[in-house]
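This report concerns only the one structure given below.
Read the figures in this text as sums done on the coordinates, not as results from a lab. It should be emphasised that the depicted structure is a prediction, and the values quoted were computed from it without experimental measurement. As a convention, Cβ positions derive from the backbone with ideal geometry for all residues, glycine included, and neighbour counts pool all protein chains shown.
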Amino acid sequence: MLSWPLVRSASEQVLEKVEQIDALICNGAIAQIAKQELTVDGFESQLGVNHYGHFLLCALLFERLEASKGRIVVVASEGHKMGLRTIQFDDMNWDKNYNPNKVYSQSKLAQMMFAYELQDKIKSANKNVKVYVCHPGASQTSLINEKANLATRISWALMVKIGLAQSAEKGAYPEVMCATEENLKQRAYYGPSGLMNFGGPVGECELGSFVLDKQILTKLWALSEKETFVKWPL
């Protein structure tokens, strides 16, 4: 399971071997973990992998990205709408009320809030990195696996069978677009824009006001720096 030394080791190897980083796509994720699991560092696993891991990695690689005027692409999920629509600061590990759907939702919301707060900090520091947020829709990947409960696995299998889930390749389109296209808005949320945003043409999707709650964004950023033992070069 993820640990901060592993993330730091990975970043060191990237910095040693990769002279220029034009785009960093934050796509690593786990989802719908039926029973509470913790990372090696003691964090709820979905929040630890989906948010804290990317937060730390982006911080460690930021100066290399800035040198090339690069981009950070945060891959979120429509699942961010399906939980509390805020951050449960008083119990980040969900020790009292663990629910796989709500916990996944919070982890993806945290990723988005990180991205939009990072935009603000980059602007204030007059740095040259762009940050974009997207979602892959409902895509046929291995994200839902044996760690999900039976009901979730059955529901997902049915979605795939009746054609509501698109291919993994199509799910990657928003990420590639955000990593390469010019003239995109940063304060935006891109992804499939068809039925329930499961699939269809990639475009700008609705960005809920709860995602941009500045008080929550600032508080989450400070907590994330504390928990990952990192200070962003901003």
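Quick one: which of 30, 25 is in a loop (DSSP other than H, G, I, E, B), closer than 23 Å to residue 221 by Cβ and not small (Gly, Ala, Ser)? Before the answer, list the steps.
Details: 25 fails: in a loop (DSSP other than H, G, I, E, B).
Among 30, 25, only 30 is in a loop (DSSP other than H, G, I, E, B), closer than 23 Å to residue 221 by Cβ and not small (Gly, Ala, Ser).
Of 127, 121, 69, which residue is under 17 Å from residue 231 (Cα atoms), in contact (Cβ under 8 Å) with a residue 12 or more places away in the chain, of a type outside the set (Val, Ile, Thr) and not in a helix (DSSP H, G or I)? Explain how you work it out, then say what you get.
Numbers: 121 fails: not in a helix (DSSP H, G or I); 69 fails: under 17 Å from residue 231 (Cα atoms).
Testing whether each residue is under 17 Å from residue 231 (Cα atoms), in contact (Cβ under 8 Å) with a residue 12 or more places away in the chain, of a type outside the set (Val, Ile, Thr) and not in a helix (DSSP H, G or I) leaves just 127.
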- Query: In this structure, is residue 104 closer than 18 Å to residue 174 by Cβ and either in contact with a Ser or Thr (Cβ under 9 Å, 6 or more places away or on another chain) or among the aromatic types (Phe, Trp, Tyr) (or both)?
  - Reply: no
- Query: How many of the residues in region 37-66 are in contact with a Ser or Thr (Cβ under 8 Å, 6 or more places away or on another chain) and part of a loop (DSSP other than H, G, I, E, B)?
  - Reply: 4
- Could you count how many residues in region 117-142 are of a type outside the set (A, V, I, L, M), farther than 25 Å from residue 199 by Cβ and surrounded by fewer than 21 Cβ atoms within 10 Å (Cβ to Cβ)? 9
- Quick check: anything in region 160-170 among the aliphatic types (A, V, I, L, M), part of a loop (DSSP other than H, G, I, E, B), on the phi < 0 side of the Ramachandran plot and surrounded by 12 or more Cβ atoms within 10 Å (Cβ to Cβ)? yes
- Task: Kindly establish whether residue 203 is part of a strand (DSSP E or B) and either within 25 Å of residue 33 (Cβ to Cβ) or touching a residue at least 24 places away in the same chain (Cβ under 8 Å) (or both).
- Result: no
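Quick check on residue 148: is it over 16 Å from residue 25 (Cβ atoms), buried (at least 17 other Cβ atoms within 10 Å of the Cβ) and touching a helix residue (DSSP H, G or I) at 6+ places or on another chain (Cβ under 6 Å)? Give the derivation first.
Values: over 16 Å from residue 25 (Cβ atoms): yes; buried (at least 17 other Cβ atoms within 10 Å of the Cβ): yes; touching a helix residue (DSSP H, G or I) at 6+ places or on another chain (Cβ under 6 Å): no.
Answer is no for this residue.
Looking at the structure I just gave you, is residue 179 under 19 Å from the mean Cα position of the chain (by Cα) and over 24 Å from residue 225 (Cα atoms)?
Details: under 19 Å from the mean Cα position of the chain (by Cα): yes; over 24 Å from residue 225 (Cα atoms): yes.
Considered against the rule, which asks whether it is under 19 Å from the mean Cα position of the chain (by Cα) and over 24 Å from residue 225 (Cα atoms), residue 179 comes out as yes.
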